[in-house]
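Taking it in order: structure first as structure tokens, then the write-up.
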Amino acid sequence: MKNVLNVALPKGRLGEKVYAIFEAAGFPCPSIKESNRKLIFENEECGVRYFWVKPSDVAIYVERGAADIGVAGKDILLEYRPDVYELFDLDIGKCRMAVAAMKDFRDDPSKTLRVATKFSRIASEYYASLGREIDIIHLNGSIEIAPILGLSDVIVDIVETGTTLKENNLEVKETILPISARLIANKTGFKFKTEQITRIMDEMKKQCGGAV
Amino acid sequence: MNTRFSATYEEKVTFALRDLYANHGYSRYKMSRFEEYDLYVRNKDFLISDGVITFTDTNGKLMALKPDVTLSIIKSGKDSAGAVQKVYYDENVYRVSSGSHGYKEIMQVGLECIGDVDDYCLYETLLLAAKSLYLISDQSVLDLSHLGFITAVFDGLNVPAELRARALSLIAEKNLHELMALCKDAGLNEEQARKLKKLITLYGTPDTVLPKLKETFEGVADLSALTKLEELIALFDEETKKLLRIDFSVINDIHYYNGIVFKGFVKDVPTGVLSGGQYDRLLEKLGRKSGAIGFAVYLDALERMEVSAKYDVDVLLIYEKGESLSSIKLWAQELMSRGQSVQVQKEVPEKLRYKKLMKLEEGRMILLEERT
């Protein structure tokens, strides 16, 4: 029996772009484009099985072996530190992890800085590297509202175009690091499906214009 | 000992591993469940998980439920020139589970070789690690790496000291794109970066990888660590050698480990099931002058490998009338020695659920069917 490679794709716009790369790389699965309630899509001939999962869950599926490979944002990899291989930068879904605050905000180093974020680990490590005392306020969404309502001094969040910030009188104060989508692999999966994974990775690299 | 019908899969593996280590002259090391907390505080980074369950003993001392076995073994031993302490253990340890964030009792089996560790000790430990994996499943892989060789490559390519820890973690992730960016930061030229890249891109069987590594790093880095690894691998028999892979993504904490490090994987178990290496630096930190190598098998990872409910036996071995009795006995024993349950029959019984159907024909064993 042919070994099928399980691929976790992030739901949403990024996932569609990612699937297009897999398709162009020679691993299509036409049924994925049909509008129905199916959750798993398989192309036996190519030896791939795709499934859509919440972007922040891709790493969990891969780390625990439910998926052999998947595509996850660097932000998720840095925040959750899954024990996986990070094989390749797809150079899509590009944005940056940044510190933002109200335009007129001035940092007062004599006070503890209140930081609202979904990315507690990234924020803590960033400020620890600066030796700055902070108070993390972990939020699950609508982070931008925190400094407007005085809940926090700054936010640490993903910034793509900056439009939302601008419309709310906020601006980027510091860029922490650039973010993009990465191909990740389960360690055991990589050992036992090495050829399949490297072939798919090499073909994807060609599509993304990278050197193999 | 046939434990098939009364033991769980982990217990069966434990028994088989204990037999394996005892047969190689390792003595069983039994210890208390408790240890002074101070030992773990001083070596916090050596522990796999941060959390330690503590309690105050009746004499007021802060104690801990063991999160690790190696530290206790080292602590209890003494340096003695030329002597090697060879022990195995089968203990429960208490750690925070990364998934549930709660404490978990984990069955762990492993061995330690502490003292005047020579090349034979290194070979024997690697062999026992490979055999341990083979006992768990014939579809397993033992990844070998050598921190001494990686350091030699870093030295040869002039990778700045402050970037080495980052480079190591990128090699561990097989993160080629960020390693290349780091090469730029480190001021490495294209040729140097191309060579460093090989620590990620070259992996596979020793026979394919070692010659390529030698060719790449000849005249660039000190190859003595690689030669040592090659010598040790050459001692393996062909069957066991099939499990070995060279893969530099195996990187344990360099503050404790040095030399050979390794990690074992079993098909369909998402995490590594075996981890080990030479940890002379840990001994140094604990004031010992000896060398050490050892490994642990994480039995909790095998929980989902339970197959006994699905099959009555692992192997149904059938034979033709006229097959020699000694040949039947030999093959049945061989299969059992791999930890598989075997039923020997002339015909296939109607309702028997077996995983593999094997036939003995003129002294040779043929696989007729394998069910997944």
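The values are calculated or read from the model by the stated rules, or taken from the named source; none is laboratory data. Please read these numbers as outputs of a predicted model, since none were measured by experiment. Ideal geometry is used to build each Cβ from the backbone, glycine not excepted, and the neighbour counts take in all protein chains shown. Protein only, heavy atoms only, side chains kept; ligands, DNA and RNA dropped before computing areas. Shrake-Rupley method; radii C 1.70, N 1.55, O 1.52, S 1.80 Å.
The angle between the Cα long axis of helix B:147-156 and the main principal axis of chain B comes to about 40°, on a 0 to 90 degree scale. Between residue B:116 and residue B:268, what is the FRET efficiency for a Förster distance of 41 Å, r being their Cβ-Cβ separation, to the nearest 0.05? The value I calculate is 0.55. Pairs of Cα atoms nearer than 8 Å and 6+ residues apart set the relative contact order; for chain A it is 28 percent. Residues in segment B:252-270, backbone N under 20 Å from the label point at residue B:47 (7 Å along the Cα-to-beta-carbon vector): list them, ranges by number please. So the set is B:252-257. Per-residue SASA remark: residue A:17, around 120 Å² accessible (1.4 Å probe; ligands, DNA and RNA not included).
Mean residue ellipticity at 222 nm, helices only, chain B: -11000 deg cm²/dmol; runs of at least 4 DSSP H residues each add -39,500 (n - 2.57), and the sum is divided by the number of residues. Taken over segment B:254-320, the alpha-carbon convex hull comes to 153 cubic angstrom per residue. Work out the P(r) tail for segment B:11-111: percent of alpha carbon pairs separated by more than 17 Å, whole number. Value for segment B:11-111: 58 percent of Cα pairs lie more than 17 Å apart. Heavy-atom accessible area with a 1.4 Å probe sorts A:134, B:73, largest first, into A:134, B:73.
Exceeding 27 Å between C-alpha atoms, which entries from my cross-link table qualify? They are B:12/B:44; A:191/B:356; A:94/B:174; A:11/A:187. Distance filter (> 27 Å) returns B:12/B:44.
Coordinate range of the alpha-carbon atoms in segment A:95-212 per principal axis, descending: 55, 28, 24 Å.
For residue A:174, the residues whose modelled amide H falls within less than 5 Å of its own, excluding neighbours fewer than 5 places apart on the same chain, are A:99.
Remark on the protein assembly as shown: hydrodynamic radius 26.8 angstrom, per the Kirkwood mean of 1/r across alpha carbon pairs.
The C-alpha atoms of segment B:313-370 occupy a region whose extents along the principal axes are 26, 24, 15 Å, arranged from largest to smallest.
Using all C-alpha to C-alpha distances in chain B, build P(r) with 10 Å bins and read off the rounded percent in each one. Going out from 0 Å in 10 Å bins, chain B shows 5, 21, 28, 24, 15, 7, 1, 0 percent.
Under conditions of 20 °C and 1.002 mPa s, chain A yields 115 µm² s⁻¹ as its translational diffusion coefficient, taking Rh as the Kirkwood radius over Cα pairs in the Stokes-Einstein equation.
A cut-off under 10 angstrom between Cβ atoms defines the neighbours of residue A:61, and their net charge, with Lys, Arg +1 and Asp, Glu -1, is -1.
Note on residue B:215 and residue B:350: the extension gain reaches 42.8 nm, defined as 0.36 nm multiplied by sequence separation minus the Cα-Cα distance. Using C-alpha pairs under 8 Å with a sequence gap of at least 6, the mean separation divided by the residue count of chain B gives a relative contact order of 17 percent. Sequence-distant contacts, meaning Cα pairs under 8 Å at least 6 residues apart, place the relative contact order of segment B:286-356 at 42 percent.
Counting only alpha carbon atoms, the long axis of helix B:206-217 and the longest principal axis of chain B meet at about 10°.
Computed from the C-beta positions of residue A:16 and residue B:368, the FRET efficiency with R₀ = 45 Å rounds to 0.45.
Taking amide H as placed 1.01 Å from N in the peptide plane, residue B:85 has its amide H under 5 Å from the amide H of B:114, B:115, B:116, each at least 5 places away in sequence or on another chain. Cα to Cα, under 19 Å, and not fewer than 8 places away if on the same chain: which aspartates and glutamates meet these conditions relative to residue B:184? List returned: A:89, A:91, B:155, B:162, B:173.
Neighbours of residue B:29, meaning other residues whose beta-carbon lies under 11 angstrom from its beta-carbon, give a summed charge of 0 when Lys and Arg score +1 and Asp and Glu score -1. Leaving out same-chain residues fewer than 8 places away, which aspartates and glutamates sit with a Cα under 19 Å from that of residue A:33? Correct list for residue A:33: A:16, A:23, A:42, A:44, A:45. Between residue A:23 and residue B:239, the C-beta separation translates, for a Förster distance of 41 Å, into a calculated FRET efficiency of about 0.45.
Each pair of Cα atoms in segment B:241-355 enters the Kirkwood radius, and Stokes-Einstein at 10 °C and 1.306 mPa s then converts it into a translational diffusion coefficient of 88 µm²/s. Taking every lysine pair in segment B:272-354 that is 8 or more places apart or spans two chains, those with Cα atoms closer than 25 Å amount to 7. Packing, as the average of other Cβ atoms within 10 Å across residues, places the peptides A:42-50, B:295-303 in the order B:295-303, A:42-50, highest first. Other protein chain C-beta atoms within 10 Å of residue C-beta, averaged over A:183-191: 6.
The three principal axes of the Cα atoms in segment B:171-283 give end-to-end lengths of 42, 34, 27 Å, sorted in falling order.
Counting Cβ atoms of other protein chains within 10 Å of each residue's Cβ and taking the mean over peptide A:77-89 gives 3.
So what is the calculated 222 nm ellipticity per residue for chain A, using -39500 (n - 2.57) for each DSSP H run with n of 4 or more, over all residues, to the nearest 500 deg cm²/dmol? So the calculated ellipticity at 222 nm is -8500 deg cm²/dmol. Modelled spin labels at residue B:329 and residue B:31, positioned 7 Å past Cα toward Cβ, are 4.3 nm from each other. Assuming a viscosity of 0.890 mPa s and a temperature of 25 °C, what translational diffusion coefficient in µm² per second does Stokes-Einstein assign to segment B:136-226, Rh being the Kirkwood radius over Cα pairs? Calculated translational D: 179 µm²/s.
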